[in-house]
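Nothing in this text is a laboratory measurement; each read-out follows from the coordinates by a stated rule. Values in this document were obtained by computation on a predicted structure and should not be read as measured data. Backbone-built Cβ (ideal geometry, glycine too); neighbour counts: all protein chains shown.
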Amino acid sequence: MIKDKALEYFMNGYSCSESITKSCIDEGICSAELLPCSTTFSAGMSSGCACGAVTSSQMILGYLFGRDNKFGNKVFAREKAALLVEEFKKRNKITCCRALCSGLEGSAKKEHCKKLVADACEILEDLIKVKV
């Protein structure tokens, strides 16, 4: 289960985006080459914009279901990306890191982001299940 590993990584110093990617690497879901890519997604892509847990999850979906994927469906990634954002918004109302973490600092922010990592992982896990 990627969520448990991602939360462990997150609580041990990895960023939100890195923790999700690293847990997917551990599970054989994606290539280890993606970890450095996910570093730039944390802290709202270093601008406070899109939540790193969401952007990392989007990258994993693109890796699995993007153009010329092994499932032969070229629109899979965009459909799944839209579903990820939709479900994340149902749970958290928005995807903007700055707004999601507004007024939070230190351990309160870390605890709040832990929930966002868990939410993104749960949604991602559901979306990567492919029914053949």
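For this structure, a couple of remarks:
- Stretch gain in nm, segment Lys109-Thr40, where the contour uses 0.36 nm per residue and the Cα spacing is subtracted: 23.0 nm
- Cα radius of gyration and Dmax for the chain (Å): 13.9, 45
- Between the listed residues Leu7, Gly48, Ile29, the Cα displaced farthest toward the positive end of the dipole of the stretch 1-108, a dipole computed from Cβ unit charges relative to the Cα centre, is found at Gly48.
- Helix axis angle, 52-65 relative to the chain longest principal axis, alpha carbon, degrees: 10 degrees
- Using only side-chain charges placed at the Cβ, +1 for Lys and Arg and -1 for Asp and Glu, the dipole size of the chain relative to its Cα centre rounds to 380 debye.
- Cα-based helix-to-principal-axis angle, 2-11 vs the chain, degrees rounded to 10: 30 degrees
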